[in-house]
Amino acid sequence: QVQLVESGGGLVQAGGSLRLSCAASGSIFSIDAMGWYRQVPGKQRELVAGITSGGRTNYADSVKGRFTISRDNAKNTVDLQMNSLKPEDTAVYYCNIRYRLGLLQGAYDAWGQGTQVTVSS
């Protein structure tokens, strides 16, 4: 069983910063990709930032230049540094990993429980 534990959400004023962290544990052979998604009520969950095992990153246009994703492959952790936060960044943020249980096995997705980020104007 794979578990993701998130931390770092909270309330911050516009222009401020927050850092989200996610640690994966359990029967993981390898992690192909890690990422952060966010969701607001009534809208679909959207990708905020992703990072591959090789360190290649991608970002939603709305956060480029403000957010930075990073991962520690040895610790199975992924962080999201969020700077210059805006009220429209307010959402529940979810950690996601695509992992494998063995060398020749297929990939599975796991999700964290979500952490609330609220940016006040």
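In segment 26-52, the residues that are without any contact (Cβ under 8 Å) to a residue 12 or more places away in the chain never reach a residue that is outside any strand (DSSP E or B) and buried (at least 19 other Cβ atoms within 10 Å of the Cβ) with C-beta atoms less than 6 angstrom apart, at least six apart or across chains. Scanning segment 25-53 for residues that are under 24 Å from ASN83 (Cα atoms) and of a type in the set (A, V, I, L, M) returns ALA33, MET34, VAL40, LEU47, VAL48, ALA49, ILE51. Among the residues making up segment 10-27, those that are in a loop (DSSP other than H, G, I, E, B) and modelled with pLDDT of 95 or more are ALA14, GLY15, GLY16, SER17.
Select from segment 97-113 the residues that are open to solvent by 20 Å² or more (accessible area, probe 1.4 Å) and assigned to a loop (DSSP other than H, G, I, E, B) and write down the one among them that is farthest from SER84 (Cα to Cα).
Only one residue tops the list, namely LEU104.
Assess whether LYS64 counts as being out of contact with any Leu (no Cβ under 8 Å at 6 or more places or on another chain), of a type outside the set (A, V, I, L, M), open to solvent by 40 Å² or more (accessible area, probe 1.4 Å) and within 24 Å of SER121 (Cα to Cα).
Spelling it out, LYS64 is indeed out of contact with any Leu (no Cβ under 8 Å at 6 or more places or on another chain), of a type outside the set (A, V, I, L, M), open to solvent by 40 Å² or more (accessible area, probe 1.4 Å) and within 24 Å of SER121 (Cα to Cα).
Checked against (1) surrounded by 15 or more Cβ atoms within 10 Å (Cβ to Cβ); (2) closer than 23 Å to GLN1 by Cβ, THR52 passes all but a single condition, namely (2). Do we find that ARG66 is modelled with pLDDT of 95 or more and either in contact with a helix residue (DSSP H, G or I) (Cβ under 7 Å, 6 or more places away or on another chain) or within 30 Å of LEU103 (Cβ to Cβ) (or both) in this structure? So ARG66 fails the test.
Would you mention how many residues in segment 52-77 are under 15 Å from ILE28 (Cα atoms) and in contact with a strand residue (DSSP E or B) (Cβ under 9 Å, 6 or more places away or on another chain)? Number of matching residues: 6.
The values are calculated or read from the model by the stated rules, or taken from the named source; none is laboratory data. All values derive from a computational prediction rather than experimental measurement. Neighbour counts are summed over all protein chains in view; Cβ atoms, including those assigned to glycine, are modelled from backbone coordinates with ideal geometry. For the accessible areas, the whole protein counts, side chains as well, though only heavy atoms, and no ligand, DNA or RNA atoms are used. Shrake-Rupley method; radii C 1.70, N 1.55, O 1.52, S 1.80 Å.
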